[in-house]
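The values are calculated or read from the model by the stated rules, or taken from the named source; none is laboratory data. Not measured: the values here are computed from a predicted model. Cβ atoms come from the backbone with ideal geometry, glycine included; neighbour counts cover every protein chain shown. In case anyone asks, the SASA skips ligands and DNA or RNA and just uses the protein heavy atoms, side chains included. Shrake-Rupley method; radii C 1.70, N 1.55, O 1.52, S 1.80 Å.
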Amino acid sequence: MRFPIRRGLLAATVLLAAGACDASAGGPEVTAPSPTGEAREACEALVDELPEDVDGQGRGTAADDSPYVAVWGDPAIVLRCGVAEPAVLTPGTESYDPAGAEFVGVNDVSWLLEERSDGVRFTTVERAFHVEMTVPDDYAPEVNPLLDVAAPIVDHVPPDELNSPPDEGHGDHG
């Protein structure tokens, strides 16, 4: 599956599932990340501001409730904030291959797309720290839930240094 990078154009493809459902009793098992410093504070703020519904699915609770995790629906769409950089983008790892990676842009947020046996894992790129969202195949096209979380990510997860706007006053040197 390939999703071309298109900012803002994917809104027309949103398919909403009929009715919302909570995660199963006790919630899904999710390994919570442990962000620190600026990432910890931003992740807490992000998770607090995430919508109650994502792709028509109601927000639930993970088995181990964490301020860095949000879940919606059953099977669960899972968002984890403050995760490590994906290995495919990490120099020195065995699976490092940024040229072979697939990316998608949704409403000013760029994501690494990694197909899995049960769905797709998306991880933000071009941000100061990483947010991961796993979307089960049940919610195809799996890119749709990204539409609902883009604005809070833009609001709370700053761009990385390469993608930050230039500081004012530094453009003229003469």
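Among 151-161, 106-116, 71-81, 129-139, the peptide with the highest mean count of other Cβ atoms within 10 Å heads the list, and the full ranking is 71-81, 129-139, 106-116, 151-161.
Accessible area per residue for the stretch 74-174, computed on protein heavy atoms with a 1.4 Å probe, is 50 Å².
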